[in-house]
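The values are calculated or read from the model by the stated rules, or taken from the named source; none is laboratory data. Remember, it's a predicted structure, so these values are computed and weren't measured experimentally. Cβ placement follows ideal geometry from the backbone for every residue including glycine, while neighbour counts extend to all protein chains displayed.
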Amino acid sequence: MTGAGNWTWLIPGRVPTLVDAGVGAPRHLDELEQALNGAALAQVLVTHAHSDHAAGVTAIAARLPSARFLKMPWPDRDSGWPVQWTSLVDGDTVHVGDTSATIVHTPGHAPDHLCLWHPGTRSLFGGDLAIEGTTVWIPSSLGGDLAAYLASLARVIALDPARIFPGHGPIITEPGPLLRGYVAHRRERELEVLDALRRGDTDPSAIVARIYPELDKALVRRAEATVIAHLAKLEHDGVVGRVADAWHIIGP
């Protein structure tokens, strides 16, 4: 699910700041200490509480006790990482390195998801908002919300970032086309889900079989989660409804 792994980003300076915590791998902690070059880590800013971004806080706290830990609250998940959290809210200004940046709440992939925005360089630390070469999974079982994600994409598109430092994959050097492509892709997928419903498919597994006829079996669960995210958005929009586990179109 994380491809070749995940990134954490160290912003050096007066307030050494690590964006995302990784999973606590000893090699990561060793390389983090090497990159700090004797400086004390001031803080770890976690973009969201999925395990590949947050689980490393325990190991970091043990190895680098100078660090404080910041994130937006997600109480059901935050309690899984036994550190003292400093809660952030949308619009907060946070000192990082030798500058300051703004917290931008971008829910959708997770309810607590945030990005760190530096307007002076138009740089965005994007967590799992966007990944070059693929789309972002919206897991409804882990707090994913497609309607919120689309709103977050629109908000970031309006910021017009010059680059995104993501949680996975290469640095995104042309964010605008990628983000607008995400929106178009989701609209296309929504139309496919509606078409499947019109053809008589009433449950996510049947819709997946129609939309992804040659999908590798290992990816079926992820595809079903994607379809459920679309159905939930369409239900919120008043376009579809369900009786028990059967979905149906009720609006235009």
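Here is how the numbers come out for the structure above:
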{"quantity": "Filter result for the condition that a residue is crowded, with 20+ Cβ neighbours inside 10 Å, closer than 23 Å to Trp7 by Cβ, outside the structural domain of Asp145 (by TED's automatic domain parsing) and out of contact with any Lys or Arg (no Cβ under 9 Å at 6 or more places or on another chain), over Leu179, Leu234", "calculated": "Leu179"}
{"quantity": "Neighbours by Cβ (under 8 Å, 6+ apart or cross-chain): first from segment 65-81, over 21 Å from Ala101 (Cβ atoms); second at pLDDT 95 or above and among the polar types (S, T, N, Q)", "calculated": "Trp81/Thr58"}
{"quantity": "Which listed residue is of a type in the set (S, T, N, Q), assigned by TED's automatic domain parsing to the domain that holds Gly127 and at pLDDT below 95, from Ser51, Ser87", "calculated": "Ser51"}
{"quantity": "Enumeration of residues in segment 56-83 that are modelled with pLDDT under 95, surrounded by fewer than 18 Cβ atoms within 10 Å (Cβ to Cβ), out of contact with any Ser or Thr (no Cβ under 7 Å at 6 or more places or on another chain) and part of a loop (DSSP other than H, G, I, E, B)", "calculated": "Ser79, Gly80"}
{"quantity": "Checking Val104 against (1) over 20 Å from Asp145 (Cβ atoms); (2) in a strand (DSSP E or B), the condition it does not meet", "calculated": "(1)"}
{"quantity": "Residue satisfying condition, being exposed (fewer than 12 other Cβ atoms within 10 Å of the Cβ) and either more than 25 Å from Asn6 (Cβ to Cβ) or without any contact (Cβ under 8 Å) to a residue 12 or more places away in the chain (or both), within set Leu191, Leu197", "calculated": "Leu191"}
{"quantity": "Which listed residue is within 22 Å of Cys115 (Cα to Cα) and out of contact with any Lys or Arg (no Cβ under 7 Å at 6 or more places or on another chain), from Ala49, Ala67", "calculated": "Ala67"}
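So that you can scan it fast, the table gives a plain yes or no per residue for (1) surrounded by 20 or more Cβ atoms within 10 Å (Cβ to Cβ); (2) aliphatic (A, V, I, L, M); (3) in the same structural domain as Leu45 (by TED's automatic domain parsing); (4) within 19 Å of Pro170 (Cβ to Cβ):
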{"residue": "Gly91", "(1), (2), (3), (4)": "no, no, yes, no"}
{"residue": "His95", "(1), (2), (3), (4)": "no, no, yes, no"}
{"residue": "Asp112", "(1), (2), (3), (4)": "yes, no, yes, no"}
{"residue": "Asp128", "(1), (2), (3), (4)": "yes, no, yes, yes"}
{"residue": "Thr134", "(1), (2), (3), (4)": "no, no, yes, yes"}
{"residue": "Pro139", "(1), (2), (3), (4)": "no, no, yes, no"}
{"residue": "Leu142", "(1), (2), (3), (4)": "no, yes, yes, no"}
{"residue": "Ala147", "(1), (2), (3), (4)": "no, yes, yes, no"}
{"residue": "Ala151", "(1), (2), (3), (4)": "no, yes, yes, no"}
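For every residue, the table says whether it meets (1) at pLDDT 95 or above; (2) of a type in the set (Asp, Glu).
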position	(1), (2)
Met1	no, no
Trp9	yes, no
Pro16	yes, no
Asp20	yes, yes
Arg27	yes, no
Glu31	yes, yes
Gln34	yes, no
Ala39	yes, no
Gln43	yes, no
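Condition check ((1) among the aromatic types (Phe, Trp, Tyr); (2) free of Cβ contacts under 8 Å to residues at least 40 places away in the same chain; (3) closer than 18 Å to Phe125 by Cβ; (4) assigned to a loop (DSSP other than H, G, I, E, B)) across all residues:
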{"position": "Gly5", "(1), (2), (3), (4)": "no, no, yes, yes"}
{"position": "Leu10", "(1), (2), (3), (4)": "no, yes, yes, no"}
{"position": "Gly24", "(1), (2), (3), (4)": "no, yes, no, yes"}
{"position": "His28", "(1), (2), (3), (4)": "no, yes, yes, no"}
{"position": "Ala40", "(1), (2), (3), (4)": "no, yes, no, yes"}
